[in-house]
Amino acid sequence: MTRPKLLLADDSVTIRNIVEQTFADEGFDVTTATNGEEAMQKFAEVQPDILILDVDMPEPTGYKICETIKQDEITRHIPVLLIVGSFEPPDQGEAERVGADGFLTKPFQSIRDLILRVEELIGTQHRSPSPAETADIDNLFDRSFSDTN
């Protein structure tokens with residue numbers, strides 16, 4: 001069985017380090033990005049099984065990336081967890097509007113809860129894309145964000 005692939009996009013080096021180490025220890029292949037643009041590039045390269053996205057990172061935001069993934073027929077099955085800093089007001093309505101599968105506050109109350117939530121989402125929704133879907137995933141962000149660069 002292949003290791004599940006997680007893409008984490010957060011501009012906090014601390015959050016990236018904690019999540020990367022924790023999930024690597026849990027048997028995940030973890031890829032990190034520091035901003036939205038890097039996250040889009042790595043999404044196409046890695047084709048993760050799940051994403052954890054900071055809502056307030058440099059453009060595009062986690063909300064925008066989630067919305068793009070969830071609006072595309074080929075990628076909408078991929079779970080997306082949005083994270084927000086504890087000093088930022090969480091916007092549950094926006095998270096629901098963009099189709100997020102969950103919404104968490106950082107710093108995390110319990111890293112174990114995060115692990116269980118991720119495992120729950122990929123356990124019920126995980127499937128590998130077909131070769132045709134893989135080619136379409138490669139081009140998803142080129143189509144969706146060509147006007148934002």
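Miscellaneous remarks
- If you go through the range 16-38 and pick out every residue that is hydrophobic (A, V, I, L, M, F, W, C) and over 17 Å from Leu104 (Cβ atoms), you end up with 2.
- With respect to the conditions (1) surrounded by fewer than 19 Cβ atoms within 10 Å (Cβ to Cβ); (2) at pLDDT 90 or above, Thr68 lacks only one, and its number is (1).
- Filter result (within 13 Å of Pro107 (Cα to Cα) and buried (at least 19 other Cβ atoms within 10 Å of the Cβ)) within the range 1-15: Asp10, Ile15
- Single condition Asp29 does not satisfy, out of (1) crowded, with 17+ Cβ neighbours inside 10 Å; (2) within 20 Å of Gly123 (Cβ to Cβ): (1)
- Subset of the range 32-53 [closer than 22 Å to Glu119 by Cβ, in contact with a Leu (Cβ under 8 Å, 6 or more places away or on another chain) and open to solvent by 10 Å² or more (accessible area, probe 1.4 Å)]: Thr32, Lys42, Val46, Asp49
- Test: residue in the range 94-104 that is out of contact with any strand residue (DSSP E or B) (no Cβ under 7 Å at 6 or more places or on another chain), within 21 Å of Ile18 (Cβ to Cβ) and open to solvent by 30 Å² or more (accessible area, probe 1.4 Å): no
- Criterion violated by Ala132 - all others in (1) assigned to a helix (DSSP H, G or I); (2) at pLDDT below 90; (3) touching a helix residue (DSSP H, G or I) at 6+ places or on another chain (Cβ under 9 Å) satisfied: (3)
- Test result for Asp56, open to solvent by less than 70 Å² (accessible area, probe 1.4 Å) and out of contact with any Ser or Thr (no Cβ under 9 Å at 6 or more places or on another chain): no
- Filter result (among the small types (Gly, Ala, Ser) and within 12 Å of the chain's Cα centre (by Cα)) within the range 8-43: Ala9, Ala33, Gly36, Ala39
- Which numbered condition Thr75 fails, given (1) open to solvent by less than 10 Å² (accessible area, probe 1.4 Å); (2) modelled with pLDDT under 95; (3) of a type in the set (Ser, Thr, Tyr): (2)
- Summed over the range 6-41, the residues that are closer than 17 Å to Ile74 by Cβ and in contact with a strand residue (DSSP E or B) (Cβ under 8 Å, 6 or more places away or on another chain) give a count of 1.
The values are calculated or read from the model by the stated rules, or taken from the named source; none is laboratory data. This is a predicted model, so every value here is computed, not measured. For neighbour counting, all protein chains shown are included, and Cβ atoms are generated from backbone atoms with ideal geometry for every residue, glycine included. Only protein heavy atoms, including side chains, enter the accessible area calculation; ligands, DNA and RNA are left aside. Shrake-Rupley method; radii C 1.70, N 1.55, O 1.52, S 1.80 Å.
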